[in-house]
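Taken together, the values in this text are just the output of simple stated rules run on the coordinates, not laboratory data. Just so it is clear, the structure is predicted and the values come from calculations on it, not from any experiment. Ideal geometry is used to build each Cβ from the backbone, glycine not excepted, and the neighbour counts take in all protein chains shown.
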Amino acid sequence: MELDGIIDNFMASYLKEGEPYLNTAHGTLIDYWDGSGHYCMYLMMVTAIVWGQSYKEVGLYWAGSILNSMVVFMPGNVSGKYGSNVKSSYFLNIPYVLFPILVALKCLKQRPETNVERADVVAAQKKSIWKRPLDMFFVLFLVFAILISFLRMAVALKSPASIAVYYLKNVEPYFQDPVLYPMIQALVYWFYFVPYFVAAIYGFFNPGCTWMSDWALLSAGASAQAQFSHIGSSLHSRTPYIYRVPSDGLTAFWIINVALMVVPQLIAWRCLTWPAFFEVKPCPSEIRDGKSSLEQRKDK
C-alpha cells in the first residue's frame, strides 16, 4: 500500500534499508498477493487445524503459490538490477522456501478417502477422451500452454527468431525489464510447468492417475500467483513505460495470460470433482469387461 501511495511513512525505512527490490512492480504485486491470497490461505489452514480437519487441498495450493513466488523472487533479487544491493534481510525469505516444501511433502503423502461406487469407476474410466469434451479442451489448452511457454522462454532469452521479436515488441515487452523477474518466471514455466503439462496430458488419457489431483492443486496455486504478479507488473506504473503492454497487443496479452491463470484452476476443480476417473486405480479386467460386469450386477 505504501508503494502505491495509499499510506505513507509506514514501511519506508524497510523498503530503503531492508529489501529495496520490493520497490519494483513485481515486488509490489507479490506483496499484494501475500497480503490477500496467502493471508486467506493461512486463515483457512489455521481454521482447519483448530477444527481438527484436513487442510490438504489448501495446503497444496498455498505451497504451489508461495514456492513459485520464491523461486522467481529470490534469484531475481540477486541477479537483477538490485543484485548489488542485497542485504542480510534477504535471508528472511528462506523460511518461505523451507516450510512450503515441508507442507507439500506432508500433504502429498496423504491419500484421499474416496467413497465411489465401483460401477461408477468402471463407467467413468471406460469413457474415451473423445467422449469427454471438457477434458479434450483441457488437453488442447495444455498443448497451447506448452507452445506459449516455449515462445516466452525464447523471448526471455532474446531469441532472434522473427516470432519472438514480434511477440517481445508488440505483446509483452515486459520481458526486457532489467529487474529480470519476468525472464526468470518464463524459465520457471519452461523447466517446471511444462513437465507437469506433459504429465497432465497423459493423466487425461489414462484413468487412475491418483497423483493428478495433488499436482493440479500445486500447479493451480503456482499459476495463480505467477499470472497475478506477471499481469499486474506488466501494467503497473512502477514498470517503465517502454516495458508495459502496448495498446495494440492488449487483446493477445489478456487472452494468453488470463488463460494461463484461469484454466489451471478449472483443471484442479475437474480433478477434485471427478474422483471416479482420477482417484481410483483402474482394474484392467473390469474396464475391459465393464459392460458385462455392470449387466451382471443389474441382474443380481
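Brief remarks follow.
- Efficiency of FRET between residue 4 and residue 128 - r from beta-carbon atoms, R0 51 angstrom, step 0.05: 0.50
- Relative contact order (percent, whole number), the chain, Cα cutoff 8 Å, 6+ residue spacing: 26
- Ranked from largest, the principal axis spans of the Cα set of the chain equal 76, 52, 28 Å.
- On full extension, the segment bounded by residue 192 and residue 150 gains 13.9 nm, given 0.36 nm per residue less the C-alpha separation.
- Cα-Cα over 32 Å, subset of 16/109; 87/158; 16/56; 56/127; 106/281; 131/281: 16/109; 16/56
- Length gained on full extension, residue 258 to residue 157, computed as 0.36 nm times the residue gap minus the Cα-Cα distance: 34.1 nm.
- Neighbours of residue 164 by Cβ distance under 11 Å: Lys/Arg scored +1, Asp/Glu scored -1, total +2.
- The residue 109 and residue 247 beta-carbon pair, evaluated with R₀ = 51 Å, returns a calculated FRET efficiency of approximately 0.55.
- A protection proxy built from the mean count of other Cβ atoms within 10 Å ranks the segments 215-227, 79-91, most packed first, as 215-227, 79-91.
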